[in-house]
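Participant: Shown below is the structure under consideration.
The values are calculated or read from the model by the stated rules, or taken from the named source; none is laboratory data. Just so it is clear, the structure is predicted and the values come from calculations on it, not from any experiment. Cβ coordinates were reconstructed from backbone atoms using ideal geometry, including for glycine residues, and neighbour counts include every protein chain displayed. Note: areas computed on protein heavy atoms with side chains; ligands, DNA, RNA excluded. Shrake-Rupley method; radii C 1.70, N 1.55, O 1.52, S 1.80 Å.
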Amino acid sequence: MAVFDALLKHTIRQGNLRVIDPWGGSATYGDGSGVAVAIRVHDLKTVLKLLFDPQLAVGEAYMDEKLTVESGTIYDLIDLAFRNLGLKPLTYPLSGLTERLRTALRRVAQFNPASRARSNVAHHYDLSDTLYDLFLDADRQYSCAYVMDPSDTIETAQAQKKRHLAAKLLLEPGQKILDIGSGWGGLGLYLATIAKGDVTGLTLSSEQHRVSNQRAKDAGLSERVRFALQDYRAEQGLYDRIISVGMFEHVGITHFDDYFQMIARCLKEDGVALIHAIGRADGPGHTNPWIAKYIFPGGYSPALSEVIPAIERAGLIITDIEILRMHYAETLRLWRERFEANRAKIRALYDERFCRMWEFYLASSEACFTLGQSVNFQFQLTKRVGVVPITRDYIAEREDALRQMEQQQMVYAMAGE
């Protein structure tokens, strides 16, 4: 325990952390400020794992109740850790070697041929429909929302996200639209309904494929909206607009060229593509090992410096990049609050270990955007320079027009037309 104690004294300079060891002894770290957080580490094996590989071990120990939070919450603990690691990075021989090895092997970890990509998607997205209904908005938008006011609900923020994306696509009625990673179909149905587009969605999740096609059928849109259970690399169609939301994180650095070359192949000469994805502001790295093992196997959120060369090699032109900073932190906070409010129902679906796993996932992800280096990228791409307006004024103008169209659509729906 002496090494563990020395490490915590070296690392925890701010906050108020009390650690209870496996033998009942305790020590306090930090300057006494903020929320009082107390944790109990239940056995020596867990202490050793925390020393050797904290990025993996903290989440596993929390899931398995080998590390329990006696005072405060798991979010308070993660928040405290992030605030201190921002002051002085956690580097020492045991963990440093592990981190360097993970970075060196990241291309192997992110090798995602079609068969492996489908398995990775199923791991996360083919869970119970009820689970996602219990913490997402009614449209099941499972990506960064667009928060315009602190009082925004998750429904409001996700509606604003769809509107913002549609505005950047410069949609015209009747255009052919490809949605790569179409989820449960909400965005595709929005584009077809509001912008009168013809939409093809691609997903590797059997559950999302079933639900999205049923939603299209129920909405009477099957002739203009269809969702295929298909890898993006197999697509050969030609489209006026291509959109991909929350999917690029699953591509893997080994396949960036495949991804953007596919977009270049399928985008018409006067077309517009829009990619919305999580990124990192601190340069190239590797996926957190706990996230890679339990939540998103094969996933990676890249730095701009890793994405732009692949876009250039594909012959695409970047016409706009927007960096959404705190938007995902707010989105995750709203998800986490809903998850906790429905925890008993989720426990009945799975078990307490599953709840602790997802609680840790949502809390740690929120902290990454609040205090870490995670951001959200929106890339607008074309094949020719003059396809989009020369100023960004059109985005707000089109958002206003789309908002009016949504209100009209709501009136028609209420009238039964």
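Participant: Taking Val47, is it open to solvent by 70 Å² or more (accessible area, probe 1.4 Å), closer than 21 Å to Gly72 by Cα and of a type in the set (A, V, I, L, M, F, W, C)?
Facilitator: Judged against the criteria, Val47 is not a match.
Participant: Could you grab me the full set of residues in the stretch 64-89 that are within 24 Å of Gly25 (Cβ to Cβ) and part of a loop (DSSP other than H, G, I, E, B)?
Facilitator: Asp64, Glu65, Lys66, Gly72, Thr73
Participant: Which residue pairs have Cβ atoms under 6 Å apart, sit 6 or more places apart or on different chains, and have a first residue in the stretch 255-281 that is assigned to a strand (DSSP E or B) and a second that is of a type in the set (Val, Ile, Thr)?
Facilitator: If the second residue must be of a type in the set (Val, Ile, Thr), the pairs left are Leu267/Ile242; Asp270/Val387; Val272/Thr382; Ala273/Ile242; Ala273/Ile263; Leu274/Ile243; His276/Val245; Gly279/Val375.
Participant: A follow-up question, please. Quick check: is even one residue across the stretch 305-326 in contact with a Cys (Cβ under 9 Å, 6 or more places away or on another chain) and not polar (S, T, N, Q)?
Facilitator: yes
Participant: Considering only residues that are outside any strand (DSSP E or B) and in contact with a Gly (Cβ under 7 Å, 6 or more places away or on another chain), look in the stretch 1-23 and name the one that is surrounded by the fewest Cβ atoms within 10 Å (Cβ to Cβ).
Facilitator: Arg13
Participant: Still on this structure, I have one more. From the list Ala57, Ala61, which residue is assigned to a helix (DSSP H, G or I), in contact with a strand residue (DSSP E or B) (Cβ under 8 Å, 6 or more places away or on another chain) and under 24 Å from Ile291 (Cα atoms)? Before the answer, list the steps.
Facilitator: On the way: Ala57 fails: in contact with a strand residue (DSSP E or B) (Cβ under 8 Å, 6 or more places away or on another chain).
From the options Ala57, Ala61, the qualifying one is Ala61.
Participant: Within the stretch 337-358, is there a residue that is crowded, with 19+ Cβ neighbours inside 10 Å and over 30 Å from Pro54 (Cα atoms)?
Facilitator: No, the stretch 337-358 has no match at all.
Participant: May I pose another question? Enumerate the pairs (first residue in the stretch 199-217 and within 23 Å of Cys266 (Cα to Cα); second residue anywhere and of a type in the set (S, T, N, Q) and open to solvent by 30 Å² or more (accessible area, probe 1.4 Å)) with beta-carbon separation below 8 Å, excluding pairs fewer than 6 apart on the same chain, so at least 6 apart or on different chains.
Facilitator: Cβ pairs passing all conditions: Leu202/Gln230; Thr203/Gln230; Leu204/Gln230; Asn213/Ser222.
Participant: Looking at Gly315, Gly386 in this structure, which one is on the phi > 0 side of the Ramachandran plot and either exposed (fewer than 15 other Cβ atoms within 10 Å of the Cβ) or in a helix (DSSP H, G or I) (or both)?
Facilitator: Going through Gly315, Gly386 in turn, just one is on the phi > 0 side of the Ramachandran plot and either exposed (fewer than 15 other Cβ atoms within 10 Å of the Cβ) or in a helix (DSSP H, G or I) (or both): Gly315.
Participant: Need at least 2 residues that are open to solvent by 20 Å² or more (accessible area, probe 1.4 Å) and of a type in the set (A, V, I, L, M, F, W, C) per element, so show me which strands (runs of 3 or more DSSP E) inside the stretch 191-250 make the cut, counting only ones lying wholly within it.
Facilitator: Answer list for the stretch 191-250: 225-229.
Participant: If you check Ala396, Ala344, Ala367, which single one turns out to be under 25 Å from Ala303 (Cβ atoms) and either of a type in the set (Gly, Ala, Ser) or in a helix (DSSP H, G or I) (or both)?
Facilitator: From the options Ala396, Ala344, Ala367, the qualifying one is Ala367.
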